[in-house]
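What follows is a set of notes on a single structure, which appears directly below.
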Amino acid sequence: MLTRVFSSDDPQAPTLAAELIRQGQLVAIPTETVYGLGADGLNEEAVAKIFEAKGRPQDNPLILHIWDASQMALFCHDIPKAAYALAQAFWPGPLTMVLPARDLVPRRTTAGLSTVAVRCPDSFVTREIIRLAGVPIAAPSANVSGKPSTTTAQHVLHDHDGRIAAIVDGGPCRVGVESTIVDLTEDRPRLLRPGGITPEQLIALLGDLVVDKAVTAQIDKDAVVKAPGMKYRHYAPSEPVTIVAGSREKAAAYIHRHFTAGDRVLCFQEELPLYEDCSPLAYGREADVNTLSAGLFAALRELDDPTIHQVYARCPEGGGVAYAVQNRLKKAAAFHIVNAEEET
Ligand code: AMP
Ligand code: MG
């Protein structure tokens, strides 16, 4: 199959992409978070192609992308007031809500769950594609399962060239990590995945938030969890990753003591001079966490190289968007973290 690449600037792109979606084909779509691998979310056969192309476990549900908040009620029922308040505040934007699913949503899309995840993305071209297709687009991140997410059209081509109908190239993703997911089906709102909408923003609006244990710890693959996707090894390059916590100086000293040929260092731009002899790769500036979230997956993909033995990574501290960066990097490291203040 020839994979067509449409520029999001091409006025024909939304119509052409929408037509392919209506035909049950796979189209990679740009969003502000990461590129999604999209299909008609109401068409079981089309949705099955997503799982096949990604090698995605069957129990890992997809997010339904809608073009406008008013569509939420078409696919969800018993929608609490909080969902409308969140949609008003943060849509279009990097927030996904889990709500009870209506029967027309195929169980293949929800991986058998009675709930469905919905999001209205902040990408004009993608919302146009959804509107013109006349169906919600089910789309997980476009990476091959287990690998770092795709934040450019080139990443998607690398993983799926010749295996999907088209890619809409909207340039690099602004946020760079997947959407924040909030479950609104229980008494208390529950954070299933941190992202560009921060826990602080959610608490300010909801007054309450439970953080699911899958956010903060490694989950056993046989465990029953609220967000099935969180238990799989994720975002990971092929070699082991170790996060080195602690002050800039202590971390550099630790890494220099342990670094051997074939290792790499993933650090902040401000730290590059400290690692001149350690093959460093910067993923953004510590002083601007948005550059770290935007650059993380491209860096992890560059480090996905079988000739590398081990990666030592520096991770931002604190809340806000840094919380999402910590979550992705800790998962890439399978929660392997050393504290340079204590370790030698
Ligand atoms: P991805 O788009 O690749 O980031 O994957 C979608 C994420 O949304 C996965 O981690 C899923 O576990 C999560 N998700 C989708 N639908 C649901 C749902 N109904 N309940 C809980 N989590 C969901
Ligand atoms: Mg994903």
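A short reminder: the numbers here are calculations on the coordinates, not readings from a lab. It should be emphasised that the depicted structure is a prediction, and the values quoted were computed from it without experimental measurement. Counting neighbours? That spans all protein chains shown, and the Cβs are built from the backbone with ideal geometry, glycine included.
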task = Work out from phi, with θ = phi - 60° and the Karplus expression 6.51 cos²θ - 1.76 cosθ + 1.60, the ³J(HN,Hα) of each residue of region 196-205, listed in order in whole Hz, and give x for Gly and Pro.
result = x, 8, 8, x, 4, 5, 5, 5, 4, 8
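FRET efficiency for SER70 and ARG22, Cβ-Cβ distance as r, R0 = 25 Å, nearest 0.05? Write down the numbers at each step before the final one.
Working: r = 21 Å, r/R0 = 0.84.
Between SER70 and ARG22 the formula returns 0.75.
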message = Helix 321-332 against the longest principal axis of the chain: what's the angle in degrees, Cα atoms only, rounded to the nearest 10?
response = 80 degrees
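Return one quarter of the surface area of the convex hull spanned by the alpha-carbon atoms of region 247-304, equal to its mean projected area, in nm². Display every interim value, and only then the final one.
Details: hull surface 15.8 nm².
Directional mean of the projected Cα hull area for region 247-304 stands at 4.0 nm².
What is the sum of charges, Lys and Arg at +1 and Asp and Glu at -1, for the other residues whose Cβ falls under 10 Å from the Cβ of SER8?
Working: positive: none; negative: ASP9, ASP10, GLU128, ASP169.
Once all neighbours under 10 Å are counted, the net charge is -4.
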note = Here region 19-36 yields Karplus 3J(HN,Hα) values (6.51, -1.76, 1.60; θ = phi - 60°; whole Hz; Gly and Pro given as x) of 4, 5, 4, 4, 7, x, 8, 9, 10, 7, 10, x, 9, 6, 8, 9, 6, x
ask   = Could you state the principal axis extents of the C-alpha atoms in the chain, from the largest down, to the nearest angstrom?
value = 58, 48, 36
ask   = For region 94-249, what is Rg from Cα atoms divided by 2.2 N^0.38 Å, rounded to two decimals?
value = 1.14
inquiry  = If the elastic network links every pair of Cα atoms under 10 Å, which of GLY262, GLY176, GLY38 fluctuates the most in the Gaussian network model of the chain?
reply    = GLY262
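Let me make sure I get this right: for region 266-344, a, b and c are the square roots of the gyration tensor eigenvalues over alpha carbons, sorted descending. Under 1.5 in a/c it's rounded, otherwise prolate if a/b > b/c, else oblate. Which is it?
Details: a/c = 1.23, a/b = 1.16, b/c = 1.06.
Rounded, because the longest to shortest axis ratio a/c is under 1.5.
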note = Sorted by chain and number, the residues with a modelled amide H under 5 Å from that of ALA165, at a separation of 5 or more or across chains, are LEU26
message = Check which residues have an amide H placed less than 5 Å from ALA313's amide H, if you skip close sequence neighbours.
response = THR242, ILE243, VAL244, LEU266
ask   = Given Cα pairs under 8 Å that are at least 6 residues apart, what percent is the relative contact order of the chain?
value = 19 percent
ask   = VAL116's amide H: which non-local residues (gap 5+, or another chain) put their own amide H closer than 5 Å, with H modeled 1.01 Å from N in plane and none for Pro or chain starts?
value = LEU99, ALA101
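Net charge around SER149, counting only other residues with Cβ within less than 9 Å of its Cβ (Lys, Arg = +1; Asp, Glu = -1)? Working shown, then result.
Numbers: positive: LYS147, ARG301, ARG328; negative: GLU178.
Neighbour charge sum, excluding SER149 itself: +2.
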request  = Name the residue farthest towards the positive end of the dipole of region 235-275 from the options ALA236, ALA261, GLY246, assuming +1 on Cβ of Lys and Arg, -1 on Cβ of Asp and Glu, about the Cα centre.
outcome  = GLY246
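Take the alpha carbon gyration tensor of region 4-128, find the square roots of its eigenvalues, order them as a ≥ b ≥ c, and report rounded if a/c is under 1.5; if not, report prolate when a/b exceeds b/c, else oblate. Could the numbers behind the result be given before it?
On the way: a/c = 1.91, a/b = 1.17, b/c = 1.62.
The shape class here is oblate.
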request  = Step through the table entries LYS147/LYS213; LYS147/LYS330; LYS213/LYS330; LYS226/LYS331; LYS147/LYS331; LYS81/LYS226, compare each Cα-Cα distance with 19 Å, and write down the pairs that go over it.
outcome  = LYS147/LYS213; LYS81/LYS226
message = Could you work out the relative contact order of region 113-258? I mean the mean sequence separation of Cα pairs under 8 Å and 6+ apart, divided by the number of residues, in percent.
response = 16 percent
Charge context of ASP183, other residues only, Cβ under 9 angstrom, K/R +1, D/E -1 = 0
task = Rounded, prolate or oblate: pick one for region 55-159, where a ≥ b ≥ c are the square roots of the eigenvalues of its C-alpha gyration tensor, a/c under 1.5 means rounded, and failing that, prolate if a/b is larger than b/c, else oblate.
result = oblate
query = By how many degrees, 0 to 90 and rounded to 10, does the Cα axis of helix 289-302 deviate from the longest principal axis of the chain?
reply = 90 degrees
request  = Take every Cα pair under 8 Å in region 1-139 that's 6+ residues apart, average their separations, divide by the length, and report that relative contact order as a whole percent.
outcome  = 34 percent
task = Read phi for every residue in region 120-136 and hand back ³J(HN,Hα) as whole Hz from Karplus 6.51 cos²θ - 1.76 cosθ + 1.60, θ = phi - 60°, with x for Gly and Pro.
result = 10, x, 8, 9, 4, 4, 5, 5, 5, 4, 5, 4, 6, 5, x, 9, x
